[in-house]
Amino acid sequence: MLWVLAGTRDACEIISRLSREGFRVVASATTQHGAELARRAGSEEVVVGQLSAGEMLRLIEEKGVRAVIDATHPFAREASENAMLAAERAGVEYIRYERESLIPEYEGVHLAESFEEAAQLASKLGEVVFYTAGVKNLPAFLRHCTSRVVVRVLPTREAISRVEELGVSPENIIAMYPRFSAELERALLRAYCAEVLVTKESGPAGGVEEKLAAAREERIPVVVVRRPEVGYPRVCRSVEAVVQEIKKLSLP
């Protein structure tokens, strides 16, 4: 049995490919939406919720997991660190799937090391901030941002409810499913009179290129939050590389 830490489109591709190769897969996801995507991709079973290192270790033992494939979002640092610890304690293989990075290098792009720093930068750059960096990091951003914040989130009940709980008014919430074209990104920036765009270094798969292109056309600054640095023991940067690494293990 293989365990894929899921919740992303990348994870679904990995699950689908491993299933077609004849491997049995159990997946985990922190949201019901992520869990449903994993089921559709071919996972035999899906565990829903945030797991501690101890809970991950129990999952490995109970399911007879022989290898852990961490395909979580680049910013899911805690989940990755817990998975590495659980795999080490259980004595099983850990493989990290890491999206390619995309660091923009042109005028108007401001890099931040944290969401707190990003909020402070955005507040100085414009009075209307278009935030596209995920609900999980929104509390820290809102605490340090003094500008009006327009938040774009997935159109799920849990995501919208969380944003409302944080005090964001309905007129400042956009619930849409990605991925967006540069034209649509530009139309949304215009519709909400955005003066600065906030995103994170999630790579091409996260739609960063389209966001940057739209902001460039609208001539508004962009604040990009850098990925956290994590010491992964083994990293693959393509789905094919993950599959080949699993095959090398000669698992029963």
When the residues of segment 40-67 are narrowed to those that are more than 20 Å from the chain's Cα centre (by Cα) and of a type in the set (Gly, Ala, Ser), which ends up nearest to ASN82 (Cα to Cα)? GLY54
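Would you be able to tell me the number of residues in segment 137-158 that are farther than 23 Å from ARG226 by Cα and either among the small types (Gly, Ala, Ser) or exposed (fewer than 15 other Cβ atoms within 10 Å of the Cβ) (or both)? Give the derivation first.
Applying the first criterion (farther than 23 Å from ARG226 by Cα) to segment 137-158 yields 155-158.
Filter once more, keeping what is either among the small types (Gly, Ala, Ser) or exposed (fewer than 15 other Cβ atoms within 10 Å of the Cβ) (or both): 155, 157-158.
Number satisfying all stated conditions: 3.
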Matching entry among ALA119, ALA133 (being in the same structural domain as ARG179 (by TED's automatic domain parsing), of a type in the set (A, V, I, L, M) and within 17 Å of GLU210 (Cα to Cα)): ALA133
In segment 186-217, which residue that is in contact with a Gly (Cβ under 8 Å, 6 or more places away or on another chain) and part of a helix (DSSP H, G or I) is nearest to ARG152 (Cα to Cα)? ALA215
Can you name every residue in segment 73-103 that is surrounded by fewer than 19 Cβ atoms within 10 Å (Cβ to Cβ), more than 18 Å from PRO228 (Cα to Cα) and not acidic (Asp, Glu)? ARG89, ALA90, GLY91
The number of residues in segment 221-235 that are assigned to a loop (DSSP other than H, G, I, E, B) and modelled with pLDDT of 95 or more is 1
Mind checking whether some residue in segment 63-78 is modelled with pLDDT of 95 or more and hydroxyl-bearing (Ser, Thr, Tyr)? no
Looking at segment 216-244, which of its residues are crowded, with 17+ Cβ neighbours inside 10 Å and farther than 30 Å from ALA119 by Cβ? CYS236, VAL239, VAL242, VAL243
From the list LEU188, LEU249, LEU212, exactly one residue is at negative phi and at pLDDT 95 or above. Which is it? LEU188
State yes or no: is ALA29 touching a Cys at 6+ places or on another chain (Cβ under 9 Å) and either at pLDDT 95 or above or within 21 Å of SER238 (Cα to Cα) (or both)? no
In segment 35-61, the residues that are among the small types (Gly, Ala, Ser) and part of a helix (DSSP H, G or I): ALA35, ALA38, ALA41, ALA53, GLY54
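The values are calculated or read from the model by the stated rules, or taken from the named source; none is laboratory data. Here the structure is a predicted model, which means the values were calculated and not measured. Ideal geometry is used to build each Cβ from the backbone, glycine not excepted, and the neighbour counts take in all protein chains shown.
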